[in-house]
Amino acid sequence: MSFTRIRKMPTVEEVLDALPLPEELQKIRLERDRELKDIFEGKDSRFIVIIGPCSADSEEPVLDYLSRLAKINEEVKDKLFIIPRIYTAKPRTTGEGYKGLMHQPDPEKQANLLEGILALRRLHIKAIRETHFTAADEMLYPANLPFVDDILAYIAVGARSVENQQHRLTSSGISVPVGMKNPTSGDLSVMFNSIKAAQASHEFVYSGYEVSTSGNPYAHAILRGYTSKHGNSLQNYHYEDLILTANMYAKGSYQNPAIIVDTNHSNSGKQYKEQPRIVSEILHSRRCNIVLKNAVKGVMIESYIEEGNQPISHNHVYGKSITDACLGWSDTEKLLYKMAEET
């Protein structure tokens, strides 16, 4: 029933000095930021695809996956804007299980958050250098954002965090798009309250300072399905759900209304092979209604080199998820090409 001090953590400035983002990579990041904001503002019609493993469990397979993604990107970049998932902190409903690279840079060893923060920053920087991709991550802990906010292209706020005031206020000061997931209850008004809060200006305590923010005009909705009171997965990616969300945007005062659909989690009932079918339905809904074509900006897909998932062990399969099950590379490749044809 007490705190035990394990080690003193470095300051943000010390970490950034040790692992700076080189100027040539900053230019890549700024150009990617500009392109993505153009999509949210309706100046660019490309479809956003946020795709990658459920969790970035180790550097080698993640960079391998991204290099494969980069090759496809050269063929589809006129239709799709690909943002790889490099998710380094994982929410655990009960507090048990693998909490991500930030906690355990080696999943088979004990937690080491100092090494984890350095490992995740190295991974993001290597990804930009080797693939020219800036990536997406989840803001599970707002206090850790300063360690990575100069390298991320996109930030998601999860279903269990979206009601948290600190997440909402922190999002209002972020310079890149922040997606607010609907809560596990499915109440869309909670998600819209979070979007409204993130798009407004605020004053609060952050990273040791009293700060003011100007608001994030790119805060937007992520539909990820929800859970009934009986614990059953329910979907919110169907045509009627998308129309309802678009109408809720229209009734309020929001900048750059946008919807991203998470094709896994409760929308698939964690049946990862359902993701291609769900993507096809979303693209069909966009083709049927100009409002949805403008509002639905993209999808989130969980994908890795090998399909499915596995427990943490010494006999692990390379490139296979140790958290939620993911689509395999062969199906991912087919899906990306199909999306480019149908978008």
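The values are calculated or read from the model by the stated rules, or taken from the named source; none is laboratory data. The structure displayed is predicted, hence computed values, not measured ones. With ideal geometry, Cβ positions are generated from the backbone for all residues, glycine too; neighbour counts draw on all protein chains shown.
Quick one: which residue in H167, H132 is more than 14 Å from the chain's Cα centre (by Cα) and under 20 Å from P61 (Cα atoms)? Spell out the reasoning first.
On the way: H167 fails: under 20 Å from P61 (Cα atoms).
None of the others qualify; the one that does is H132.
Against the test of being surrounded by 17 or more Cβ atoms within 10 Å (Cβ to Cβ), outside any loop (DSSP other than H, G, I, E, B) and in contact with a Gly (Cβ under 8 Å, 6 or more places away or on another chain), the options I128, I155, I117, I82 yield a single qualifying residue, I155. Please indicate, with yes or no, whether at least one residue in region 196-208 is among the charged types (D, E, K, R), surrounded by 13 or more Cβ atoms within 10 Å (Cβ to Cβ) and under 30 Å from E341 (Cβ atoms). No - not one qualifying residue is present in region 196-208. Restricting D57, D64, D33, D17 to those that are among the acidic types (D, E), part of a helix (DSSP H, G or I) and in contact with a Gly (Cβ under 9 Å, 6 or more places away or on another chain) reduces the list to D64. Residue pairs whose Cβ atoms lie under 8 Å apart, separated by 6 or more positions or on different chains, with the first residue in region 17-37 and touching a residue at least 12 places away in the same chain (Cβ under 8 Å) and within 14 Å of K126 (Cα to Cα) and the second outside any helix (DSSP H, G or I) and hydrophobic (A, V, I, L, M, F, W, C), are L21/I151; R29/L21; R29/I151; R29/A153.
For (1) within 18 Å of V176 (Cβ to Cβ); (2) touching a Cys at 6+ places or on another chain (Cβ under 6 Å); (3) in contact (Cβ under 8 Å) with a residue 12 or more places away in the chain, each residue gets a yes or a no:
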| residue | (1), (2), (3) |
| --- | --- |
| R46 | yes, no, yes |
| G52 | yes, no, yes |
| A70 | no, no, yes |
| E75 | no, no, yes |
| Y87 | yes, no, yes |
| K90 | no, no, yes |
| T94 | no, no, no |
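Of all residues in region 312-343, those being β-branched (V, I, T), in contact (Cβ under 8 Å) with a residue 24 or more places away in the chain and under 25 Å from T88 (Cβ atoms) number 4. Going residue by residue through region 312-326, is there one that turns out to be of a type outside the set (V, I, T), part of a helix (DSSP H, G or I) and at negative phi? No, that holds for no residue. Give region 52-107 a look and list any residue that's under 16 Å from the mean Cα position of the chain (by Cα), modelled with pLDDT of 95 or more and among the charged types (D, E, K, R), or say none. Residue satisfying the conditions is R85 alone. Give the residue, chosen from L123, L101, that is touching an Asp or Glu at 6+ places or on another chain (Cβ under 9 Å), in a loop (DSSP other than H, G, I, E, B) and crowded, with 20+ Cβ neighbours inside 10 Å. So the residue among L123, L101 that is touching an Asp or Glu at 6+ places or on another chain (Cβ under 9 Å), in a loop (DSSP other than H, G, I, E, B) and crowded, with 20+ Cβ neighbours inside 10 Å is L101.
Please determine whether any residue of region 257-269 is within 29 Å of K196 (Cβ to Cβ), touching a Ser or Thr at 6+ places or on another chain (Cβ under 6 Å), among the polar types (S, T, N, Q) and in a helix (DSSP H, G or I).
yes
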